[in-house]
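Working notes, beginning with the structure itself.
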Amino acid sequence: MLLVSTMRNELVRLPYFLEYYRDLGVRHFLIVDNDSSDGTREYLQDQPDISLWTTKDSYRAARFGVDWTNWLLRRYAHGHWALVVDPDEFFVFPFCDTRPIQALTDWLDSSSVRSFGAMLLDMYPKGPLKTHPYTAGQNPLEIAPWFDAGNYTIQRNPDFWNLWIQGGPRARVFFADKPKQAPALNKVPLVKWDRRYAYVSSTHMLLPRGLNIVYDKSGGEKASGILMHMKFLNTFAAKAEEELSRGQHSAKSKEYIAYADRLRHNPDIWCEFSEKYINWRQLEVLGLMSKGNWA
């Protein structure tokens, strides 16, 4: 099992990120460091299970890192299961509390399934972000265990056949006046890679298009997971300002403009309808993920 990630200035997140995925069963990490200045590169260089590439090139010119990811996958992941995640994303799958990720990929292999979908679930604390300081090595769930159980819209993309999911706290808090511009929450992070494949837009969709059909077209349930998105820590306000000033994100950084503007007011993302995370079974009961016919 390979994990591929692109990052910049994520030193505070790395100790727990690596621990989490090693415990999950990741054997090797392929990481691109995009000109970090906080010690991220030096930290990664000292890890025996990480192959590291560094670049000062433009993140935007690399199609927001997709070109770097596709190159690594094509060169090193052919014939292997590969998990592509950001350093603030934590993969949750059915039975992950008792089974390693190899159990999932073995079952997918036996079922002739090549790709596995996961919805991005934004997690957040109760109270303003600045009142919950995060320290390196800490499980972010300790301070950000809350999520929106509803408030999601789903539509099918006719061009690439993937589902397009929006909503959650980013639509509710940061894009309240224009929810259709809220970030997409649909991802296909786990793929049995072939050098003919390619991600098109982050991990939201791939080519060939059949890899995006990670749902049951007949209306039933297909096994799926969750990517717990730990963006909303106390470190995020400074990160948003930095990324806004760099101007390296898509759509003229409109997402980071919205973040930075709202975060200057130190908002409380929690609301009376927020749910506190218990385990993956809770997420399945809420309809956010499914074990499908995997028993």
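The values are calculated or read from the model by the stated rules, or taken from the named source; none is laboratory data. Everything numeric in this text was worked out from a predicted model, so none of it was measured. Cβ: placed from backbone, ideal geometry, glycine included. Neighbour counts: every protein chain shown.
Out of (1) among the basic types (Lys, Arg); (2) modelled with pLDDT of 95 or more; (3) in contact with a helix residue (DSSP H, G or I) (Cβ under 8 Å, 6 or more places away or on another chain), the odd one out for Lys276 is which?
All conditions are met except number (3).
How many of the residues in the range 91-100 are surrounded by fewer than 22 Cβ atoms within 10 Å (Cβ to Cβ) and touching a residue at least 60 places away in the same chain (Cβ under 8 Å)?
Number of matching residues: 5.
Could you tell me how many of the residues in the range 271-285 are surrounded by 17 or more Cβ atoms within 10 Å (Cβ to Cβ) and in a loop (DSSP other than H, G, I, E, B)?
1
List the pairs whose first member sits in the range 113-140 and is within 24 Å of Leu185 (Cβ to Cβ), whose second member is of a type in the set (Gly, Ala, Ser) and in a helix (DSSP H, G or I), and whose Cβ atoms are under 6 Å apart, counting only residues at least 6 apart or on separate chains?
From the range 113-140, the pairs are Asp122/Gly168.
Which is buried (at least 18 other Cβ atoms within 10 Å of the Cβ) and over 21 Å from Leu104 (Cα atoms), of Ala258, Ala238?
From the options Ala258, Ala238, the qualifying one is Ala258.
Table: residues versus (1) at pLDDT below 95; (2) over 25 Å from Arg196 (Cβ atoms); (3) surrounded by 14 or more Cβ atoms within 10 Å (Cβ to Cβ).
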position	(1), (2), (3)
Val26	no, no, yes
Leu30	no, no, yes
Ser36	no, yes, yes
Gly39	no, yes, no
Gln45	no, yes, no
Ile50	no, yes, yes
Arg63	yes, no, yes
Val66	no, no, yes
Gly79	no, no, no
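Filter the strands (runs of 3 or more DSSP E) completely within the range 145-259 down to those with at least 2 residues that are within 29 Å of Trp71 (Cβ to Cβ) and not hydrophobic (A, V, I, L, M, F, W, C).
186-192, 198-201, 225-229
Given the condition under 17 Å from the mean Cα position of the chain (by Cα) and farther than 20 Å from Gln138 by Cα, answer yes or no: does some residue in the range 9-17 qualify?
no
When you scan the range 260-270, how many residues do you find that are of a type in the set (Asp, Glu) and assigned to a helix (DSSP H, G or I)?
1
Please tell me if Ile50 is touching a Phe, Trp or Tyr at 6+ places or on another chain (Cβ under 9 Å) and more than 25 Å from Met205 (Cα to Cα).
Yes: the conditions hold for Ile50.
Quick check on the range 260-272. Is at least one of its residues touching a residue at least 24 places away in the same chain (Cβ under 8 Å) and within 22 Å of Leu72 (Cβ to Cβ)?
no
Inside the range 193-210, can you point out the residues that are under 15 Å from Val85 (Cα atoms) and either modelled with pLDDT under 95 or loosely packed, with under 14 Cβ neighbours inside 10 Å (or both)?
Ser201, Ser202
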